[in-house]
Amino acid sequence: VTTPYCNTFAANEQVPFPDHGAVAMQASHWVRWNAIAMVAGAAQHHSGLGGHISTYASSAVLYDIGFDHFFKARSAHQLEDCIYVQGHASPGIYARAFLTGQLTKTQLEHFRRETGGQGVSSYPHPWLMPDFWQFPTVSMGLGPLCAVYQARWMKYAIHRELMPDTQRKVWAFCGDGEMDEPETLSAISFASYEQLNNLIFVINCNLQRLDGLVRSHGQIVQELEARFKASGWRVIKVLFSSAWDDLFEKDVQGVLTQALGQCVDGQFQRFSKGRGAVWREEFFNQSDALKALIDGWSDTDLDALSWGGHDPQKVYTAYHAAVTDQAYPTVILAQTTKGYGVPGAAGMNTAHNVKSLSEDNLQAYAQHYDLPLTAEAAAACALIEPDDQAPPVQYLKACRQALGGPLPARHTDVSVLPVPELSAFSTLLEGSGAREISSTMAFVRILSQLLKTPTLGPHVIPISPDESRTFGMEGLFRQIGIYNPHGQTYEPVDRDQVMYYREAKDGQFLQEGINEAGAMASWIAAATAYSHSSIPMVPFYIFYSMFGFQRVGDLIWAAGDSRARGFLIGATSGRTTLAGEGLQHTDGHSHVMASTVPNCKSYDPTFGYELAVIIQHGLKQLLVEQMDAFYYLTVVNENIEHLPMPDRPEVAEGIIRGIYLLEVLGEGEANLNLLGSGAILPEVRQAAQRLHEDEGWTVHVWSVTSFNELARDGRSWARQCRLDPAQIDQIPLPFIQD
């Protein structure tokens, strides 16, 4: 499943490159310098700040060609392409944005010192830079996975006519070392099955991870080609620069291609470091046939041999093919040198850790690329200013204007959806009477009611990882259909049943299979649609609570970083299980994990009316107030009698704040206060009954819908007291005293 070790497109197959000559090259050099100066300059003043130079240095052309010619921004006529930037390359993105006027000099001069509101964050982060970054990507492996499900969500939204098809693309930039993260390649077969021809991976194959080679005795390019091709992707290899074209043309017997195919990445790294002389001695001198190919070539001529990822023409041809002939998801494997052009870093195992350069190296770099800097300015890591009269700046701005405007850019303009009144859930507010039901079933009733709401219903997305029948949700299969881009081209085995497995191209239900990570990535795409697609969505991801925070905690944290809005439903929670499932399914800790995510509001309700109050309030917060938060609710499978909502005005507020007085057994002052939540509250009520009847105690039973929200209120109150102790008597307590 691999092709020879050469470029996918020969020189005579290249697309004409819109060459802007020296101006475009100068613009690229200015961007690279500002990226270096920002990191190295910060290191000159604060040695502990850190930063990365070599990743962007190796991938600069990959980003240049994209930002200058392909990446569309949001405009009156189109929504933007979705760009997942490799986290360690962020300095180059900042440097470009500075020259185009998106960022200020003060921001770049405060690199990694953004907490005061003046700087730029270490890596892509929508909370720290809310108008700039769209996707957090530096937790390696999550970016590629989320990109797959982002592309899938866009197809889903188009098929359901939630948005028009404007040929948007999802571009995911990754490192070859990142491909070893399990999540990175976990969804590539899914991408081809879903026919995601709007998805493009660009893998920067600089052959190195953080400490050394990705595959020292192999070829990571060929390995990745095999994996992606076997998964149904179109693979485009960009391995050799234009300086190689004559050699490949002369190689009529294929000896050059054969010899390159026998090299291992450890050798390729040596060639990157040693350049022409090493190419001659250790590669071309292997045989007379190879020597003949470079007959008459000097070491200087051989020095020009470079990797394809540094050649604008080669990269442009690959990108053009990816966006114009795309019948499948496409991956571009671009070979580069880590630290390319950076003195003392290029091709070295230590390249990733380089964050500072000597004054001599800085001055030599500025002189070599003819930068408009004095020797003193170069040594001081001065930034090249964005002079609007300078041709490179004019070029960069003109390119972005032609593509719709600035990028990266995060938008939050989204319409407000009406939310049903609490009375719409009257069947839950009235309790279950003598009938016993689970809180899982109560949730399904709420979900069904929301799906039937005319304005809101189409924006509700149920997501489940192959447990829908367990949660009693199979009735939704026929009601709203399971999304499948292929429709349903077969006769389902249960077609004669009322709740048969109905798939449809415009289906609303996302049934993700046994795949919690994919389901979570799918939820993130929907939960951030208000930003990347200007569509308000209400995604509900329903899963076994044990396989949520415990299984995909990093993705849940990424959802928080992404400013996601939606609901996570942890089913079969608490110390109760389905009959026979055993202790491996008992969840007594997911709320502890939820407490670590600042914008996750977690609740452990017991009764249907509590669920209704929380969800209705959450919908108002997310859809009307536009709050950047998400809700985690745990529900149980145990059938109990659900009480009617107490007719007291403070109950609804208490449910949201985290605690309210459920019932009083006896008269007068309480001898005992009993607190409970979720699965344990029915046992607490029984204990209260026995204490009252057998011992004569007066017992107050409190339903604690959220210990986490109470704790946050408590910490906030304590902080106010600590900051202003003189006003302690005027600071309100976090919950109602009476």
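The values are calculated or read from the model by the stated rules, or taken from the named source; none is laboratory data. As the structure is a computational prediction, the values presented were derived from the model and not from experiment. We place every Cβ from the backbone using ideal geometry, glycine too, and count neighbours over all the protein chains shown. These accessible areas exclude ligands, DNA and RNA; they are computed on the full protein's heavy atoms, side chains included. Shrake-Rupley method; radii C 1.70, N 1.55, O 1.52, S 1.80 Å.
The table for this structure:
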{"quantity": "Residue that is nearest to the chain's Cα centre (by Cα), among those in segment 379-394 that are surrounded by fewer than 19 Cβ atoms within 10 Å (Cβ to Cβ) and outside any loop (DSSP other than H, G, I, E, B)", "calculated": "Q394"}
{"quantity": "Residue in segment 519-539 that is out of contact with any Cys (no Cβ under 7 Å at 6 or more places or on another chain), among the β-branched types (V, I, T), buried (at least 20 other Cβ atoms within 10 Å of the Cβ) and part of a loop (DSSP other than H, G, I, E, B) present", "calculated": "yes"}
{"quantity": "Pair list, Cβ < 6 Å and 6+ apart or interchain, from segment 381-397 residues that are closer than 12 Å to R96 by Cβ to residues that are crowded, with 18+ Cβ neighbours inside 10 Å and not hydrophobic (A, V, I, L, M, F, W, C)", "calculated": "I384/N34; P392/Q26; V393/P386; L396/T100; K397/T100"}
{"quantity": "Unique match (being touching a Lys or Arg at 6+ places or on another chain (Cβ under 6 Å) and either free of Cβ contacts under 8 Å to residues at least 12 places away in the same chain or over 27 Å from L260 (Cβ atoms) (or both)) among V1, V31", "calculated": "V31"}
{"quantity": "From Q488, Q479, Q550, residue being open to solvent by 10 Å² or more (accessible area, probe 1.4 Å), farther than 18 Å from L142 by Cβ and assigned to a helix (DSSP H, G or I)", "calculated": "Q479"}
{"quantity": "Residues satisfying the stated conditions in segment 454-476, i.e. more than 29 Å from E638 (Cβ to Cβ) and part of a loop (DSSP other than H, G, I, E, B)", "calculated": "P454, T455, L456"}
{"quantity": "Single unsatisfied condition, D713 versus (1) in contact with a strand residue (DSSP E or B) (Cβ under 9 Å, 6 or more places away or on another chain); (2) modelled with pLDDT under 95; (3) assigned to a helix (DSSP H, G or I)", "calculated": "(1)"}
{"quantity": "Inter-residue pairs, beta-carbon under 8 Å, first basic (K, R) and in segment 66-86, second at pLDDT below 95 and not in a loop (DSSP other than H, G, I, E, B), 6+ apart", "calculated": "K72/Q78"}
{"quantity": "Criterion: farther than 30 Å from H411 by Cα and not aliphatic (A, V, I, L, M) - qualifying residue of S531, S545", "calculated": "S545"}
{"quantity": "Matching residues in segment 347-372 - criterion: being open to solvent by less than 30 Å² (accessible area, probe 1.4 Å), among the hydrophobic types (A, V, I, L, M, F, W, C) and part of a loop (DSSP other than H, G, I, E, B)", "calculated": "V354, L357, L371"}
{"quantity": "Residue match in segment 658-670 (condition: of a type outside the set (F, W, Y), closer than 30 Å to L417 by Cα and within 35 Å of the chain's Cα centre (by Cα))", "calculated": "yes"}
{"quantity": "Filter pass, E709 being among the acidic types (D, E) and buried (at least 18 other Cβ atoms within 10 Å of the Cβ)", "calculated": "yes"}
{"quantity": "Unmet criterion (only one of (1) crowded, with 24+ Cβ neighbours inside 10 Å; (2) on the phi > 0 side of the Ramachandran plot) for S59", "calculated": "(2)"}
{"quantity": "Any hit, segment 50-60, residues being part of a loop (DSSP other than H, G, I, E, B) and closer than 27 Å to W244 by Cβ", "calculated": "yes"}
{"quantity": "Any chance S241 is within 30 Å of V354 (Cα to Cα), at pLDDT 95 or above and hydroxyl-bearing (S, T, Y)", "calculated": "yes"}
{"quantity": "First in segment 165-188 and at pLDDT 95 or above, second anywhere and assigned to a helix (DSSP H, G or I) and among the basic types (K, R), Cβ under 6 Å, 6 or more apart", "calculated": "none"}
{"quantity": "Check on L661, surrounded by fewer than 18 Cβ atoms within 10 Å (Cβ to Cβ) and either in a strand (DSSP E or B) or touching a helix residue (DSSP H, G or I) at 6+ places or on another chain (Cβ under 6 Å) (or both)", "calculated": "no"}
{"quantity": "Helices (runs of 4 or more DSSP H) fully within segment 262-336 counting 3 or more residues that are open to solvent by 40 Å² or more (accessible area, probe 1.4 Å) and at pLDDT below 90", "calculated": "265-282"}
{"quantity": "Residue list for segment 160-195, filter: part of a helix (DSSP H, G or I) and open to solvent by less than 50 Å² (accessible area, probe 1.4 Å)", "calculated": "G177, E178, M179, T184, L185, I188, F190, A191, S192"}
{"quantity": "Any chance E436 is in contact with a strand residue (DSSP E or B) (Cβ under 7 Å, 6 or more places away or on another chain) and over 28 Å from E161 (Cα atoms)", "calculated": "yes"}
{"quantity": "Pick from segment 553-566, criterion assigned to a helix (DSSP H, G or I) and farther than 15 Å from H591 by Cβ, ranking: most open to solvent (accessible area, probe 1.4 Å)", "calculated": "W557"}
{"quantity": "Single condition D628 does not satisfy, out of (1) in a loop (DSSP other than H, G, I, E, B); (2) open to solvent by 80 Å² or more (accessible area, probe 1.4 Å); (3) not hydroxyl-bearing (S, T, Y)", "calculated": "(2)"}
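Matching residues to (1) at pLDDT 95 or above; (2) basic (K, R):
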{"site": "R551", "(1), (2)": "no, yes"}
{"site": "A559", "(1), (2)": "yes, no"}
{"site": "F567", "(1), (2)": "yes, no"}
{"site": "G570", "(1), (2)": "no, no"}
{"site": "R575", "(1), (2)": "no, yes"}
{"site": "G588", "(1), (2)": "no, no"}
{"site": "D604", "(1), (2)": "yes, no"}
{"site": "V613", "(1), (2)": "yes, no"}
